[in-house]
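Enquirer: Sharing a structure with you now.
The values are calculated or read from the model by the stated rules, or taken from the named source; none is laboratory data. This structure is a prediction, so every number in the text was calculated from the model and none was measured. Note: ideal-geometry Cβ built from the backbone for every residue, glycine included; neighbour counts use all protein chains shown. Areas reflect the complete protein model, heavy atoms only, side chains present, ligands, DNA and RNA absent. Shrake-Rupley method; radii C 1.70, N 1.55, O 1.52, S 1.80 Å.
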Amino acid sequence: MKAAVLMGSDSDWPVLKPAVELLKQFGIASVVEVASAHRTPARVREFVTSAPEQGVGCFIVAAGAAAHLAGVVASYTTLPVIGVPINATPLNGMDALLSTVQMPSGVPVATMAVNGAKNAAVFAVELFAVSDPALQAKLADYRADMVKGVEEKAARVQAQL
């Protein structure tokens, strides 16, 4: 199973790159594309409708400003769509957040925090792990590593007291 990572502009890549790297860490391949809901709608439609043939099981979709890309993707597929609003305007991503999260009933987009691409990748892994015990184990290890990291940070702070 693959995750399709779609962004409205190449300027979104620095936000999405950690998500692609995290997917790789879990052994999940990705297909990465730049396409605009407004400037290249036919390209978006073709990418989304052909994605299942490439083994895509979900979409991670990022855009800033009007941020209609995730919603457009959701309109073309029944696969899960995970939206990542991008902080690309003087509104600090609030415009993108609202554009991504305010979907009509029946066409959902699971929306992450502004610039929350890493959580989008974790959510994609969780979706695939529902039917994959090996991924479930990797997720458990990932969470355990997070616990260790926090404990190490807490110990460093305590050592300074």
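Enquirer: Pairs, please: C-beta under 6 Å, at least 6 apart or cross-chain, first residue closer than 20 Å to residue 13 by Cα and touching a residue at least 12 places away in the same chain (Cβ under 8 Å) and in the range 71-91, second open to solvent by less than 30 Å² (accessible area, probe 1.4 Å) and aromatic (Phe, Trp, Tyr)?
Expert: 73/59; 81/59
Enquirer: A follow-up question, please. Report, by residue number, each residue of the range 69-88 that is more than 17 Å from residue 47 (Cβ to Cβ) and open to solvent by 30 Å² or more (accessible area, probe 1.4 Å). Step through it out loud before you land on a result.
Expert: Here is the first cut: in the range 69-88, the residues more than 17 Å from residue 47 (Cβ to Cβ) are 85-88.
Of everything in the range 69-88, those that are more than 17 Å from residue 47 (Cβ to Cβ) and open to solvent by 30 Å² or more (accessible area, probe 1.4 Å) turn out to be 87, 88.
Enquirer: Sticking with this structure for a sec: Taking the range 20-62 on its own, how many of its residues are farther than 18 Å from residue 76 by Cβ, among the small types (Gly, Ala, Ser) and in contact with a strand residue (DSSP E or B) (Cβ under 6 Å, 6 or more places away or on another chain)?
Expert: So the count comes out to 2.
Enquirer: Quick test of your reading of the structure: residue 141 fulfils all but one of (1) in a helix (DSSP H, G or I); (2) at pLDDT 95 or above; (3) within 18 Å of the chain's Cα centre (by Cα). Name the failing condition by number.
Expert: (3)
Enquirer: Could you list, in sequence order, all residues of the range 103-118 that are within 14 Å of residue 81 (Cβ to Cβ) and assigned to a loop (DSSP other than H, G, I, E, B)?
Expert: 103, 104, 106, 107, 108, 109, 112
Enquirer: Touching a strand residue (DSSP E or B) at 6+ places or on another chain (Cβ under 8 Å), surrounded by 14 or more Cβ atoms within 10 Å (Cβ to Cβ), free of Cβ contacts under 8 Å to residues at least 40 places away in the same chain and under 19 Å from residue 34 (Cβ atoms) - does that describe any residue in the range 100-107?
Expert: yes
Enquirer: Cβ-Cβ under 9 Å, sequence separation 6+ or interchain: first residue in the range 7-30 and closer than 24 Å to residue 134 by Cα, partner polar (S, T, N, Q) and part of a helix (DSSP H, G or I). Which pairs?
Expert: Sorted first by the residue in the range 7-30, then by its partner, the pairs are 19/119.
Enquirer: Is there any pair linking a residue in the range 136-161 that is within 15 Å of residue 122 (Cβ to Cβ) and surrounded by 10 or more Cβ atoms within 10 Å (Cβ to Cβ) to one that is at pLDDT 95 or above and among the aliphatic types (A, V, I, L, M), with Cβ under 7 Å and at least six apart or on different chains, and which?
Expert: These pairs meet every condition: 136/129; 139/125; 139/129.
Enquirer: Scan the helices (runs of 4 or more DSSP H) fully inside the range 4-89 and keep the ones with 2 or more residues being of a type outside the set (A, V, I, L, M, F, W, C), under 14 Å from the mean Cα position of the chain (by Cα) and closer than 18 Å to residue 114 by Cα. First the steps, then the outcome.
Expert: Details: elements: 13-25, 41-50, 69-76.
Output list reads 13-25.
Enquirer: Here are some conditions: (1) among the small types (Gly, Ala, Ser); (2) crowded, with 19+ Cβ neighbours inside 10 Å; (3) over 22 Å from residue 69 (Cβ atoms). Residue 124 meets all but one. Which one does it not meet?
Expert: Of the numbered conditions (1) among the small types (Gly, Ala, Ser); (2) crowded, with 19+ Cβ neighbours inside 10 Å; (3) over 22 Å from residue 69 (Cβ atoms), the odd one out for residue 124 is (3).
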